[in-house]
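Only the coordinates and a few stated rules stand behind these numbers; no lab work does. None of these values were measured; they are calculated from a predicted model.
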């Protein structure tokens with residue numbers, strides 16, 4: 001094998017190795033973002049940093065909804081074990097109410113309050129996202145037929 005072929009072989013091996021490392025890094029990062037949302041307990045366990053965008057899901061805690069100035073709304077999302085305060089500026093879905101399932105998109109602020117940019121409520125009386133059901137079952141808060 002001459003020197004030119006050897007250089008090409010080393011270059012090809014280096015290219016394949018770098019591609020493999022890049023692919024592994026991408027798969028690892030995607031694995032952290034596969035969940036549809038985090039429950040309040042997941043937020044505490046994973047130590048989600050302020051400013052990192054994610055979805056939070058759970059039940060709207062009873063007697064926690066407060067309407068502020070203009071379209072500002074403050075409420076608490078809970079999974080039974082932990083709770084996270086949420087602030088949202090906008091129009092809430094028509095089906096939003098206390099004691100019902102909710103998924104909100106946004107980020108934590110440095111004070112630990114979730115600043116929501118979007119709030120989604122369940123679409124009828126019986127439906128609840130499967131991820132929310134699983135999170136509630138893990139916390140021992142799920143009761144069939146509710």
| task | Return one number: the angle in degrees, 0 to 90 and rounded to the nearest 10, between the long axis of the Cα atoms of helix 3-32 and the longest principal axis of the Cα atoms of the chain. | result | 10
| Nearest-ten-degree value, helix 130-139 long axis tilted from longest Cα axis of the chain | 80
| Extended-chain gain in nm, criterion 0.36 nm per residue less alpha-carbon gap, residue 26 and residue 72 | 12.8 nm
| Taking 0.36 nm per residue of separation and subtracting the Cα-Cα distance, what length does fully extending residue 141 through residue 63 add? | 26.3 nm
